[in-house]
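Trainee: Here it is, the structure in full.
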Amino acid sequence: MALARKNYIRFLEEAPQYLPNGYFLQTPYNEKNNPYYYSKLRIDGTSFTEYCNHKIKMHHGVYVDIFPYDEVPDDEKDNLKQFDNVQKLIRLYSLRQSPDVSMKPSTASQYLKAAIRRLAHYMAYLIPHDYLCKKLEEEITRYNGTGQSAMACLNFPKRKTEYIKIADLYPLRKWKFGDVYAYIPNNYDTYLKTHYGDYMTLPKPENRFGHKPYKVDLDRV
């Protein structure tokens, strides 16, 4: 789920009072061990844990990602510079928060990489959490309110993928999904093609990728 920054902030402020029992809104601020610089809505009593996070003391429940969208510069040079700066900060934030590599080591070289990662984590942990969050917010929101023509989720590691022109985003459409309605981009076809390419054709099985959880518990789902 993605929200423009103003609505994202409002959601984080107001959602907890409306959530039913059994759900937890996880943010970088209410769980400071959390390795993600965005938010997740998690289900209590479940687990979808990746190896890199399995030793972190935090809520590991099944989740939906909630991303902020911010204005990004139209100038290509400035756009690339901002993206690179944000990605460097996100990698540093992830290194500070998560001590382990993404997959469980099984060879001598993998164990060596895991040891190096853990050493780098201990060094990065000397950087205060709130300082990194402040630097990330400053860089990500740098162009908000400056009249740019597009917005993007800068948490996404590939530039101009989680990206949309403001003229394609608004006015939002109210769309029915099963028994519920949700708001989607006005020009949703352009957005989906930007992110997925030919989204109407299933990729070949060998080209289908997803998360690789280390531990899964779906008893409450």
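Trainee: Taking region 1-22 only, how many residues are free of Cβ contacts under 8 Å to residues at least 60 places away in the same chain and in contact with an Asp or Glu (Cβ under 7 Å, 6 or more places away or on another chain)?
Mentor: Going through region 1-22 one residue at a time, the tally reaches 0.
Trainee: What single numbered condition from (1) within 30 Å of residue 165 (Cβ to Cβ); (2) touching a Cys at 6+ places or on another chain (Cβ under 9 Å) fails to hold for residue 89?
Mentor: Failed condition: (2).
Okay, residues lined up against (1) among the aliphatic types (A, V, I, L, M); (2) in contact (Cβ under 8 Å) with a residue 24 or more places away in the chain; (3) over 30 Å from residue 198 (Cα atoms):
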residue	(1), (2), (3)
113	no, no, yes
118	no, no, yes
137	no, no, yes
146	no, yes, yes
161	no, yes, no
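Trainee: For region 105-147, how many residues are among the hydroxyl-bearing types (Ser, Thr, Tyr) and over 21 Å from residue 28 (Cα atoms)?
Mentor: Step one: list which residues in region 105-147 are among the hydroxyl-bearing types (Ser, Thr, Tyr), which gives 106-107, 109, 111, 122, 125, 131, 141, 143, 146.
Then drop every residue that is not over 21 Å from residue 28 (Cα atoms), which leaves 106-107, 109, 111, 143, 146.
Number of matching residues: 6.
Trainee: If you don't mind, there's one more thing I want to ask. For region 29-82, what are the residues that are under 26 Å from residue 13 (Cβ atoms), surrounded by fewer than 18 Cβ atoms within 10 Å (Cβ to Cβ), free of Cβ contacts under 8 Å to residues at least 60 places away in the same chain and of a type in the set (Lys, Arg)?
Mentor: Residue satisfying the conditions is 57 alone.
Trainee: Among the strands (runs of 3 or more DSSP E) lying completely within region 105-203, list those that include at least 3 residues that are open to solvent by 40 Å² or more (accessible area, probe 1.4 Å).
Mentor: 173-177, 180-184
Trainee: Are any residues in region 106-141 among the basic types (Lys, Arg) and under 15 Å from residue 52 (Cβ atoms), and if so, which ones?
Mentor: 113, 117, 118
Trainee: Something else about it: Name the residues in region 1-60 that are of a type in the set (S, T, N, Q) and more than 21 Å from residue 184 (Cβ to Cβ), would you?
Mentor: Correct list: 17, 21, 26, 27, 30, 33, 34, 46, 47, 49, 53.
Trainee: Within region 179-193, does at least one residue satisfy the condition of being touching a Ser or Thr at 6+ places or on another chain (Cβ under 7 Å) and modelled with pLDDT under 95?
Mentor: There is no residue in region 179-193 that is touching a Ser or Thr at 6+ places or on another chain (Cβ under 7 Å) and modelled with pLDDT under 95.
Trainee: Can you spot a residue in region 56-63 that is modelled with pLDDT of 95 or more, touching a Lys or Arg at 6+ places or on another chain (Cβ under 7 Å) and farther than 28 Å from residue 192 by Cα?
Mentor: Yes, because at least one residue in region 56-63 is modelled with pLDDT of 95 or more, touching a Lys or Arg at 6+ places or on another chain (Cβ under 7 Å) and farther than 28 Å from residue 192 by Cα.
Trainee: When residues of region 83-101 are filtered for being without any contact (Cβ under 8 Å) to a residue 60 or more places away in the chain and under 30 Å from residue 46 (Cα atoms), how many remain?
Mentor: Counting residues in region 83-101 that are without any contact (Cβ under 8 Å) to a residue 60 or more places away in the chain and under 30 Å from residue 46 (Cα atoms) gives 9.
The values are calculated or read from the model by the stated rules, or taken from the named source; none is laboratory data. Just so we're clear, the structure is a prediction, and the values are computed from it rather than from any experiment. In this analysis, Cβ positions are derived from the backbone assuming ideal geometry, glycine residues included, and neighbour counts consider all displayed protein chains. Only protein heavy atoms, including side chains, enter the accessible area calculation; ligands, DNA and RNA are left aside. Shrake-Rupley method; radii C 1.70, N 1.55, O 1.52, S 1.80 Å.
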